[in-house]
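The values are calculated or read from the model by the stated rules, or taken from the named source; none is laboratory data. Computed from a predicted structure; not experimentally measured. With ideal geometry, Cβ positions are generated from the backbone for all residues, glycine too; neighbour counts draw on all protein chains shown.
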Amino acid sequence: VKGRNGVAVLSRTPFEEIRIGCGAEEFASHGRYVEVDTAGVTVASVYFPTGEAETDRQLEKERFMAAVGARMAVLLGQGRDAVLCGDWNIA
């Protein structure tokens with residue numbers, strides 16, 4: 001994973017499955033999303049990009065937020081209990 005971002009999930013229960021990335025190819029190598037299944041719950045740790053109004057970085061952040069939202073919709077559509085945590089970079 002290139003970049004200087006990183007996310008993690010710590011758990012006392014074993015991971016049943018680990019998935020890296022939220023499904024959007026644009027962000028696949030950014031190290032901003034990891035998702036694990038443990039104890040019947042999906043836990044996602046996310047590091048959202050910073051953004052500044054009317055900049056390319058803000059547009060990137062909005063695309064990433066949409067991708068994470070789409071992933072959460074899939075999980076909830078499957079009837080999974082899910083927890084989304086991390087650094088949202090929203091002030």
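In the range 37-66, of all residues being under 22 Å from ALA91 (Cα atoms) and among the hydrophobic types (A, V, I, L, M, F, W, C), the one that is nearest to the chain's Cα centre (by Cα) corresponds to VAL46.
In the set GLY21, GLY40, GLY51, only one residue is of a type outside the set (Ser, Thr, Tyr) and surrounded by fewer than 12 Cβ atoms within 10 Å (Cβ to Cβ); that residue is GLY40.
Whenever a residue of the range 22-45 is part of a loop (DSSP other than H, G, I, E, B), its partners that are at pLDDT 95 or above and of a type in the set (Lys, Arg), lying with C-beta atoms within less than 7 angstrom and at least six residues away or across chains, give the pairs CYS22/ARG71; GLY23/ARG71. Do we find a residue being in a strand (DSSP E or B) and in contact (Cβ under 8 Å) with a residue 24 or more places away in the chain anywhere in the range 47-61? Checked against the condition, which is being in a strand (DSSP E or B) and in contact (Cβ under 8 Å) with a residue 24 or more places away in the chain, the range 47-61 yields at least one hit.
Restricting the first member to the range 76-91 and to residues that are exposed (fewer than 10 other Cβ atoms within 10 Å of the Cβ), and the second to residues that are not in a loop (DSSP other than H, G, I, E, B), no beta-carbon pair is closer than 7 Å while six or more apart or on different chains. Of the residues making up the range 28-36, at least one is surrounded by 18 or more Cβ atoms within 10 Å (Cβ to Cβ), within 17 Å of the chain's Cα centre (by Cα) and of a type in the set (Lys, Arg). Candidates in the range 7-21 are the residues that are over 18 Å from ASP87 (Cα atoms) and outside any loop (DSSP other than H, G, I, E, B); of these, the one that is nearest to the chain's Cα centre (by Cα) is ARG19.
Of the set (1) buried (at least 16 other Cβ atoms within 10 Å of the Cβ); (2) free of Cβ contacts under 8 Å to residues at least 60 places away in the same chain, all apply to SER11 but (1).
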